[in-house]
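Reading through the structure tokens given below for one structure.
Only the coordinates and a few stated rules stand behind these numbers; no lab work does. Every value quoted in this text rests on a predicted model; they were computed, and no experiment measured them. Here the Cβ positions follow ideal geometry from the backbone for every residue, glycine too, while neighbour counts run over all protein chains shown.
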Amino acid sequence: MANLQSDFIGIKSPNPFWLASAPPTDKEYNVRRAFQAGWGGVVWKTLGSEGPPVVNVNGPRYGAIWGADRRLLGLNNIELITDRPLEVNLREIKSVKRDYPDRALVVSLMVPCDEDSWKAILAHVEDTGADGVELNFGCPHGMAERGMGSAVGQVPEYIQMVTAWVKKHSRMPCIVKLTPNVTDIRKPAEAARRGGADAVSLINTINSITGVDIDAFAPMPTIDGKGTHGGYCGPAVKPIALNMVAEIARNPATHGLPISGIGGVTTWRDAVEFMLLGAGNVQVCTAAMTYGFRIVQEMISGLSDYMDAKGFASTADIVGRAIPNVTDWQYLNLNYITKAQIDQDLCIKCGRCYAACEDTSHQAIAMSPDRTFTVKDEDCVACNLCVDVCPVETCITMRELPKGTPDPRTGKPVGDYANWLSHPNNPAVRDAAE
Amino acid sequence: MSTSQLTPGVVPGRLPAEAYCRNFADLEAPLGPHEARVAADRCYFCHDAPCVTACPTAIDIPLFIRQIATGTPEAAARTIFSQNILGGMCARVCPTEQLCEQVCVREVAEGKPVEIARLQRHATDILMAKAPHPFSRAPATGKRVAVVGAGPAGLAAAHRLAMLGHEVTIFDARPKPGGLNEYGIASYKAPGDFAQQEVDWLLSIGGITLDCGKALGREVTLDGLRASHDAVFLGMGLAGVNALRAEGEDLQHVRPAVDFIAALRQAEDLASLPVGRDVVVVGGGMTAIDAAVQAKLLGAETATIVYRRGQEKMSASRHEQDHATSHGVRIICNAAPVKVHGNGTVREVEFAYTADGPGGLTLLPETFRLKADQLFTAIGQRLGDVPEGLALAEGKIAIDASGRTSLAGVWAGGDCATGGEDLTVTAVAQGRDAAIDIHAALMRP
């Protein structure tokens, strides 16, 4: 068993799996169950200012999309921040933290955009013994209409300003949670760093309509005939989240800023992927909401086996290992030439590769009368579509042509590394030559 | 004293009343909506799919399964019915394990095909439960076509002809339409009087007159039909049965399996149907399986199928064989009947072991006897009397790829005609294709 101990901006937890600020972390009852199940940490569901709490709708709060056999792939919610009184939440946080000193307990916050409001709530949170705060600049629904959540997260100047207030009025570590509902995720991350944030966490949910009721002509989830955009999460958003994490990790202005990875983490493997792209730990919500808290046991065993297999002594050894390999298109090796190859022993002759290539790609797969499918190297551009649509894992693979051998498509031998920056078709190269 | 499974002889009511209901209920439960979606999701939507090639009616299987997967089972059913108007029955009786499901790439890859038959039943059941009939007729052509036989071939031909605007009359020798669907398949494969419901549904397209109790060569003649109609389609099936050709075959309770199956299908009360304590069935096809299994379900203590060649040569699929053995039927291969023993009534059947060599099947000297109160023969059917002038081939009415016989204006299809195996689905394909050719011939200016 590998050592999964995690230290994220000084906050220690027995493993890097935290539950994200969300419905599963709204109450002492849930959080105790989570810790009993083995979660390393919890970000308590977002607290608001003192006074009458927000209210939620009394119709459906969630919408979903499903894959085969009703496997939940994406979830959307229009739930607001906690609708329980502040003092109740604070009392419960204190109680749980007292009983679970080894677990991470971070408190998510969202209050109006003025210094006094932030100062007031920080004092309350410090009193609970919590390990840190997470600033919710992300929620795209409901609260944003009141000038909070993503309304702050979409304006880098506000992020910087509020982060600075928090650091000024508290000694607690501060994580800034970012909204993906922006055109360039690097800008809000840079603002958080300028404001003094100890870390960023991302992604929060994505603005979405999960579906439309085609009989009622209304978006889903539907409340009394109407619907509104909600925050999208779950396995479907993971690729978007991975890219945003990587963008921040490799941006010189934010490189090294600790990241808590969020967005569709469902298995240990998802967690490893986030960590390889620079996340120091991960936060999970939808997977727990789908399957319950026990999934963390699979995450723990999977991560442990992976670390043992790789010889990693600490989770820190994983973090950021893939960042050097994330690059811009212009640096990709244009002389890396591969050809699809179909393993005839594995092929089940469904012909999907043929249909995909013939109808939508490069007509590079031949089909014989006895349904044998073969790649025409002279037409294959190695787009990988056949690999992606093949129902049999590893049946179609990409074979690299060794240096010096001719590419049957171009007739030219495979050359050394060369990218777009030196390619003769690049206008900049042409201009320099003239 | 009431009868039981151990009562000697051939007697009715061997089982408690409720057992009959249970034994003859739906063989395979229909798929629920979620099950259907999950089953449909397994289809890979193959290019130029092998399942379509394997289907005698060439139903666009990947398309109808995708239509189920996307929540439109009625569209799926229209895809099925446009190629095979008896798609409902075929979903129940087709030996799909030897056709579409055998070549499904998932069968080849993992031994578990997409459940095409069950999905087809799911879709067709849903559409058939709804009115109106999904097809409408083209404007009337004024042409009249006679169809002989209201079995799968005749019904498929009649429906397509009616759809194309012709007036059709179907003549059938039996009191009820449906042919083997009504008289010849195991009861549990199409319970709930499905065969008659399907015929009613099919006929609801209009333009088809059904005239039952009219046999060719008895109440109607081919010459008469040719004179009174613009075209004739023959789909009367196989009326004759092959003889056992063993001494003692005329003893009481020795009868063709098809007669037993027909009597069972028409029985108002299964408890009133007599069945032997020990039943022996000779044959290796689906009829043998259907007879033996149903004898067992009626309460026979033992039911044994004896086939003269090796198991691999049985025309009943492995799936059918497993179905029989799981119901307690014993299958003995490589043995042929040589004598039926009994004093007026069959008591025992004597078999010789056989050797299947290059020179053909030979009987070995060693024999054995099986107790039998009832002996069913399921050793093939043959064409009954056919009108003069029709060319035959291999004991059947010779037809070309369009279903044309040697007589002008006469087409044929189904079990009575050459081409394909004697399956419901083959009959449907031949009836449909003949109808299309009849239409082309009649509409030629």
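Numbers for the structure displayed
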{"quantity": "Stokes-Einstein D for the range B:85-217, Kirkwood Rh over Cα pairs, 37 °C, 0.692 mPa s (µm²/s)", "calculated": "205"}
{"quantity": "Beta bridge orientation in the protein assembly as shown: antiparallel %, DSSP, nearest 5", "calculated": "45"}
{"quantity": "Phi-based couplings in Hz for the range B:95-112 (Karplus 6.51, -1.76, 1.60; Gly and Pro marked x)", "calculated": "x, 4, 5, 10, 10, 4, 6, 5, 9, 3, 4, 7, 5, 5, 7, 9, x, 9"}
{"quantity": "Average Cα contact separation per residue, chain A, under 8 Å, 6 or more apart, as relative contact order %", "calculated": "13"}
{"quantity": "Computed E for B:F135/B:D250 - FRET, C-beta separation, R0 56 angstrom, nearest 0.05", "calculated": "0.70"}
{"quantity": "0 to 90° range, to nearest 10: angle between helix B:194-203 axis and chain B longest Cα axis", "calculated": "20"}
{"quantity": "FRET efficiency estimate (nearest 0.05) - Cβ-Cβ, B:V108 to A:Y306, R0 41 angstrom", "calculated": "0.75"}
{"quantity": "Approximate shape of chain B as ellipsoid semi-axes (Cα gyration tensor, √5λ), whole Å, largest first", "calculated": "36, 27, 21"}
{"quantity": "Cα→Cβ-extended label distance, 7 Å offset, between B:L363 and A:D114, nm", "calculated": "11.1"}
{"quantity": "Label point distance in nm, A:N207-A:E434, each placed 7 Å from Cα along Cα→Cβ", "calculated": "4.2"}
{"quantity": "In degrees, nearest ten, helix A:28-37 long axis to first principal axis of chain A (Cα)", "calculated": "50"}
{"quantity": "Within chain A, percent of DSSP bridges classed antiparallel, to nearest 5", "calculated": "50"}
{"quantity": "Amide H contacts of A:A218 (H built 1.01 Å from N, under 5 Å, at least 5 apart or other chain)", "calculated": "A:D213"}
{"quantity": "Computed FRET value (nearest 0.05) for A:R321 with A:A218, which takes r as the C-beta separation and R₀ as 41 Å", "calculated": "0.30"}
{"quantity": "Extension gain from A:M1 to A:L334, taking 0.36 nm per residue of separation minus the Cα-Cα distance", "calculated": "115.7 nm"}
{"quantity": "Tail beyond 34 Å, pair distance distribution of chain A (Cα, percent)", "calculated": "41"}
{"quantity": "Beta bridge orientation in chain B: antiparallel %, DSSP, nearest 5", "calculated": "40"}
{"quantity": "Euclidean distance between Cα centres, the range B:264-320 to the range B:327-394, Å", "calculated": "14"}
{"quantity": "Pairwise centroid distance, computed over Cα atoms, of the range A:228-273 with the range B:160-184, Å", "calculated": "66"}
{"quantity": "Anisotropy class of the range B:235-349 from Cα gyration tensor, a/c 1.5 cut", "calculated": "rounded"}
{"quantity": "Counted charge near A:G41, where neighbours are those whose Cβ lies closer than 12 Å (Asp, Glu -1; Lys, Arg +1)", "calculated": "-1"}
{"quantity": "Scaled radius of gyration (Cα, divided by 2.2 N^0.38 Å) that the protein assembly as shown gives", "calculated": "1.29"}
{"quantity": "Chain B, relative contact order in percent, only Cα pairs under 8 angstrom and at least six apart counted", "calculated": "18"}
{"quantity": "Net charge over other residues, Cβ less than 12 angstrom from the Cβ of B:A434 (K, R count +1; D, E count -1)", "calculated": "0"}
{"quantity": "Estimated distance in nm for a label pair at B:S402 and A:D345, the labels positioned 7 Å out from Cα along Cα-to-Cβ", "calculated": "5.1"}
{"quantity": "Neighbourhood charge, 13 Å Cβ-Cβ cut-off, centred on B:T209 and excluding it, Lys, Arg +1 and Asp, Glu -1", "calculated": "-1"}
{"quantity": "The range B:192-234 versus the range A:78-152: alpha-carbon centroid distance in Å", "calculated": "80"}
{"quantity": "For the range B:286-445, convex hull of alpha carbons as volume per residue, Å³", "calculated": "165"}
{"quantity": "For the range A:136-211, alpha-carbon Rg over 2.2 N^0.38 Å", "calculated": "1.06"}
{"quantity": "Rounded, prolate or oblate (a/c below 1.5 giving rounded, otherwise prolate when a/b exceeds b/c) for the range A:66-130 by Cα gyration tensor", "calculated": "oblate"}
{"quantity": "Value of relative contact order over the range A:329-433, rounded to a whole percent, pairs C-alpha under 8 Å and six or more apart", "calculated": "35"}
{"quantity": "Projected-area average for the range B:210-277 over all orientations - Cα convex hull basis, square nanometres", "calculated": "7.4"}
{"quantity": "Packing-based ranking, highest mean first, of A:125-137, B:257-269 given that Cβ atoms within 10 Å are counted", "calculated": "A:125-137, B:257-269"}
{"quantity": "Exercise: per-residue mean of other protein chain Cβ atoms within 10 Å, A:344-351", "calculated": "5"}
{"quantity": "Gyration tensor verdict on the range B:119-165 (Cα atoms; rounded if a/c is under 1.5, prolate if a/b is larger than b/c, oblate otherwise)", "calculated": "oblate"}
{"quantity": "C-alpha long axis of helix B:152-163 to longest principal axis of chain B, angle in °", "calculated": "10"}
{"quantity": "Those Cys residues of chain A for which no other cysteine Cβ falls under 4.7 Å", "calculated": "A:C113, A:C139, A:C174, A:C233, A:C285, A:C347, A:C357, A:C380, A:C383, A:C390, A:C395"}
{"quantity": "Orientation-averaged projected area, Cα convex hull of the range B:33-128 (nm²)", "calculated": "5.1"}
{"quantity": "Max mean-square fluctuation residue, GNM over chain A, Cα-Cα springs under 10 Å, options A:N56, A:N89, A:N419", "calculated": "A:N419"}
